[in-house]
Amino acid sequence: MTEEELNTAFDEAYKRASNTKIQLPPDIMLHFYAYYKRATHTTEGFFKPSGNSELRNAFKLNAFFQAKHLTPREAKIKYIELVNKHITD
């Protein structure tokens with residue numbers, strides 16, 4: 001898959017995930033978050049999740065760190081696979 005094809009598939013997967021009405025469990029949502037952030041957060045350095053809840057931000061940060069070993073390309077592929085597995089609409 002070329003970079004252009006991957007980016008198109010990733011964008012389409014993001015749109016599907018953003019528009020779904022399916023209620024996913026929090027652990028699956030954290031995988032979505034981690035893969036998306038790893039795929040799109042390309043600058044090295046400090047990463048700080050947004051949000052007002054310190055507990056929720058801690059979970060987000062932990063999920064992001066668990067995906068840190070992935071390249072942005074690998075994270076895009078994992079994100080697409082996760083959408084295809086969990087979002088059927």
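FYI, it's all coordinate maths here, none of it is from the lab. Model, not experiment: these values are computed from the prediction.
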Item to complete: Per DSSP H run of n ≥ 4, the term is -39500 (n - 2.57); total these for the chain, divide by its residue number, and report the mean residue ellipticity at 222 nm rounded to 500 deg cm²/dmol.
Response: -22000 deg cm²/dmol
Response to the item:
For residue 21, counting only lysines whose alpha-carbon sits under 17 Å away and dropping same-chain residues fewer than eight positions off, the answer is 85
